[in-house]
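Below: one structure, written as structure tokens.
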């Protein structure tokens, strides 16, 4: 029913791609937290289109304007709200699509859901542009988390068939995550980034697109955060991460691989490390047992489907005439949104982890 | 914070494995719905242990007793509550484990979360036994859904390295699902079931355990159900399915495979079928676009990790002495819970789909 | 939609008067809290009928049975659930009422709401008996609060036209509240209690009933608890107190009297007391400004309507025949439920205050 | 924790009096509803200050700007958001008050709640200005309700000791409510309005202020709307109405008067009217039994305390020096906000009733 989320840290995301604006309300954050504005803008920039020759060339100014909840860079404790104006609206481009749903987009399902009243221009409320307020919310939350020793970062684990090494499940550290979370196309291995870019450029030349997998890690999270059943770490992260458009799969720790392991392989043995800290030898659990953190790095992966907007001719229906038709999507589109999905997924994690800490009374 | 779920159809699950009882409250169901009790018991039986030579031999009587919300088999509209008494409690078996967390179990994370006050006997609130009230809730919901033409069923897609064919994403029908949802160890191919059983028996003999993947389908769901962002079909299903213990991954439609496809491969082309219905040629979306149903079969897969309780000696810590130790888990345990996870995951889907319909005003 | 409440401290109340049982789930309480069972029973006894010659003579055994969430009298952190069996069911008494709604009862509105499928026996889910699980929940919460220096108590401020003195808004102390919260028919002045009893007895003899006002106080609540807008102290208390059947009005501090005051009369002047504590000279705010506690005693009053079940002949309709009819309610009913409403309203306050503390991170 | 509300119709109100802006998100409204903008502005105007010689003379431009959720005056089904810019900010006026809390205001309780980080300028998030987004939300909802035959309106029942006749509880009709809901200082009797104005002017001259009671009615609401326990009509209305600053009491139907009645007086007898409709002879229940509507007019009254901002010298504390001090509030303030509270309370009712209809599947 809703673009609102959370119990302690309440998030409301609003807007449509070609409406006057889009924005966000974040309620329940602790008063007195200092927010570094440059850090916020840096995160917004990572998500913004047009930085990469392979990415969409549309100019999109995503400068958020804080309406309330912050005075002189310090949170007041009242709802924090920011708005991003929509400036460049080429609404003509979309009118032809009203009754011809684009394959892989929400056009048809939204048509049914809203009886045709939804704003279809630019994808409306379903536009990837709506990840901008999410990234804003995450940029605020991650600063609060960082102050408590918690770091969040992700990388492009794969694009199409190009795949780099995953995180080291046991030794993943905050330095790695911090470095990644400052990059535009974050990877652990720069050579792999070049291979991925080549694959994306080839897809673009083929009038096609690519998907990929984003891997995200959280370090510094104390053990004992989360709850059994419906408010487990996996549940809350999932309820957020699946809000990022194009995400079709999510796994924690060994995830789907764990399904093929034996118990003796998959179980993470406990031991006391040299500092007397309880650790696990492996971390197939991804830092979560019974919905609750163990204190080991939290690791998850999200599958991002290929951009549905492709220049190739596609089959569709005409909902007005009731006939089958062909469709060509014009305009320039990202042949691969995976690099830009990383900050959105990191942001989703940042908000969810803030909520989890708040629920555990540790914020 | 919570073992409560939902906005329209509210679900509360309570209980601990060796407490007096476990149970469920389901609030918001429509008054006047007739509930077939035998159908409820049949679903409970699918989840119950001890049916299979390979499964745990503990006797567990899971007969639910309805406390309220139903008169003469018809829902009254008030909260429906049922309780299952815990009868066979061998609490001695567990006392030795209090300060020696079992690898792969929630013992350690729960110890931190509840400062050691949680009921550890039999896993307490984290026990797989808590899926019994979930299956009860699902058994009620699926009857309400069936009356509206919606069928839910799942199968064991894989156990260890043995894998059968997945659902036919486009032509999956209600007959298939209905048949599966009446079986104890549901598979599409009976020969594969035998292979899986052999693999499980081998794991048991090796004092080990196996995981697997459950695939679940929903047919008859009208298009236009669900919402963007946080109340999408994926979000609500995930918030439920990750409540089933041992689930570590979830994917919809092509899921993680979609991450390796091109847009032209992954996009599902729309067309009018011979009855003038909008259909898609493929169904990589798993029946969901933009968080909203398309009217095609809803298909998802959940990764179930191998049973953490294994007889082999394992490393652990002693939280009292602060020393590393070894641990042997005695008692008999399921070497593979995947077959019994199917009805639990189907139940999770049934409750989530009922909520989704209610949110869309279609219940 | 729902008999579930709360965000941090989630409460689910279920049951119908003549079903198998009624009960409660309370989720989110801190692990490790010791619960004095005698104290719980003492609170249950205050609400139970049949203690007073003037009250209903039905025998009602309200002994709660804890199903889970507590081991050896200590909360485990998992959902706490208790069930009360319904033993004495005279269902015949009610069948005649199915299509003849009793004036002042929920019979007619519930008939519309549930299309006649609701359980009408004994009032079903609308029965005053459903305050028993609420009192149980309150009895648990008040022990947790007491351990944090917070005391809750109420008194019968008025019955019919008999009225005793209200609380001293500034000097109300925990001793007074503790004393009241141990009484069956709690009043500040024992002579007034006798007057009230006489009025009730007279009403009974006149085949009629009386209402009254319950005043409730909370001391020891720190300042700074609560939130503006929708999660203010007034909002949360109201959402709870109006769940007690027969409550038709609620006011905080000077309440409706404040509406007749001038600002200079109503404003509570701040000052430092001899211990350097900020206090107010008066307490017309009832301890709440802007939805947030001031540290002064929290005081509110609830208006309880007279018992609708009276022996006098009354007009009603026959929903089956579509004709006007007359109705006589047989059986024995409380001519005044106000004394028994006190523990229910105290319990509502106890749960709401626990939630407020949890929301403020002070639990 | 939160300035967010609702389950089906989610409302988020954000802003601080002297921040960049204030605003509202309303999520879950049905797509396709036409919104008359002039009607919205008319409701905003009723709440705006400066219309009345007796009211505050500050110029406040409350023109809302819709950001999203509406195209060509029709709701799209996505979140509706509107922002009101704050233009005239005299922040100097307030700096002196930071450590000297104004009696009757939230200054002190908010200071504790937010450890002094809250934005105190103009009352911050606690400002009466925050009722502007609420009135916006109500103005949208009431148009949706009107289309379904439901009318909402209120009047100033009393100001100080001047009181007019209350609504006719049985025969209250939509014409009366419609007329009232178009007025600035709505009363049933224009002569009483003059008396009230005189009383307000006298209070102003005495450097003092007045409170009053707002009575609000809803007609056309079908029977069977609402739920027992925590989602009853009273509960939901209360959770909204207490969000309007200065409200300290709330009663439904006969309310506190019912507490002094006998059952035979208070019970509303049912009968079939000449059209075969079930009606009640009286309406002491205010249209609600068991938390569910009866189909009779819904009537409630809210007690509004006198404006705490008065020019008279008042006692307070200096939180910095720890000394008692005196305080004079400068600037011009409404000596009576009751007339402007009417549209805010009507708006609260409009949102709550829309939620109630949605919960009952009748929207």
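Rule-based calculations on the coordinates, nothing more; no lab input. Predicted model, so just to flag it, every value in this text is computed and none were measured. Note that we place each Cβ from the backbone using ideal geometry, even for glycine, and neighbour counts take in every protein chain shown.
Shortest first, in nm, what separates the label point of residue A:190 from those of the same position in the other copies (7 Å along Cα→Cβ)?
6.2, 8.2, 8.9
In which sequence would D:274, D:195, D:251 go, from the one with the fewest C-beta neighbours within 10 Å to the one with the most? Spell out each step's value before the answer.
Values: D:274 6, D:195 17, D:251 28.
Going from sparsest to densest Cβ surroundings: D:274, D:195, D:251.
Normalising by the residue count of the stretch B:222-363, find the relative contact order in percent from Cα pairs under 8 Å and 6+ residues apart.
Across the stretch B:222-363, relative contact order equals 30 percent.
Can you list, shortest first in nanometers, how far residue A:37 lies from the same residue in the other copies, with each label 7 Å from Cα toward Cβ?
Listed shortest first, these distances are 3.1, 6.2, 6.9 nm.
Give the relative contact order (percent, whole number) for chain D; include only Cα pairs under 8 Å separated by 6+ residues.
22 percent.
Along the Cα-to-C-beta direction of residue D:272, a point sits 7 Å from the Cα; which residues of the stretch D:284-317 have their amide N less than 19 Å from that point?
D:295-296
How crowded by other chains is D:308-319, given as the mean number of beta carbons from other chains within 10 Å of each beta carbon?
4
Ignore the peptide's own chain and count Cβ atoms of other chains within 10 Å of each Cβ in A:206-216; give me the average, rounded.
4
Rank these for me by crowding, C:184, D:117, going from fewest to most other beta carbons within 10 Å.
C:184, D:117
Round to a whole angstrom and tell me the spacing of the C-alpha centers of the stretch D:229-302 and the stretch A:127-149.
Here the two parts' Cα centres lie 45 Å apart.
Between the label point of residue D:326 and that of the same position in each other copy, find the distances and list them shortest first in nm, with every label point placed 7 Å from Cα along the Cα-to-C-beta direction.
7.0, 8.4, 8.9
Please determine, in degrees from 0 to 90 and to the nearest 10, the orientation of helix A:131-146 with respect to the longest principal axis defined by the Cα atoms of chain A, where the helix direction is its Cα long axis.
10
Hey, which residue of D has the C-beta nearest the axis mapping D onto A, and what's the distance in Å?
Residue with the nearest Cβ, plus whole-Å distance, for chain D: D:12, 2.
With angles folded into 0 to 90 degrees, how steeply does helix D:190-205 sit against the dominant principal axis of chain D? Use alpha carbons for both and round to 10.
The answer is roughly 20 degrees.
Between C:234, C:33, C:191, find the one with the highest GNM mean-square fluctuation for chain C; connect C-alpha pairs within less than 10 Å.
Of C:234, C:33, C:191, the most mobile in the Gaussian network model is C:191.
Please check: in the Gaussian network model of chain D (C-alpha springs, under 10 Å), which one of D:98, D:46, D:193 has the largest mean-square fluctuation.
Comparing D:98, D:46, D:193 in a Gaussian network model of chain D, the most mobile one is D:98.
Compute the long axis of helix D:338-359 from its Cα atoms, compare it with the longest principal axis of the Cα atoms of chain D, and write down the angle in degrees, 0 to 90, nearest 10.
50
Taking a temperature of 20 °C and a viscosity of 1.002 mPa s, what whole-number D in µm²/s does Stokes-Einstein yield for chain B with Rh from Kirkwood over alpha carbon pairs?
Details: Rh = 21.3 Å.
The calculation lands on 101 µm²/s.
What is the distance in Å between the Cα centres of the stretch B:326-348 and the stretch A:158-208?
37
Per-residue ellipticity at 222 nm for the protein assembly as shown, helices alone: DSSP H runs ≥ 4 residues times -39500 (n - 2.57), over residue total, nearest 500 deg cm²/dmol?
Rounded to the nearest 500, the figure is -8000 deg cm²/dmol.
Can you tell which of B:289, B:236, B:177 shows the greatest fluctuation in a Gaussian network model of chain B with Cα springs below 10 Å?
B:289
Could you tell me the largest-minus-smallest coordinate of the C-alpha atoms of the stretch B:284-335 on each of the three principal axes, in descending order and whole angstroms?
57, 26, 14
Hey, got the average number of other protein chain Cβ atoms within 10 angstrom for residues in D:353-359?
2
Can you sort A:264, B:189 from fewest to most other Cβ atoms within 10 Å of each residue's own Cβ?
Details: A:264 21, B:189 11.
Lowest to highest Cβ neighbour count: B:189, A:264.
Could you sort B:4-11, B:169-176 so that the peptide with the highest average Cβ count within 10 Å comes first and the rest follow in order?
Highest mean packing first, the order is B:4-11, B:169-176.
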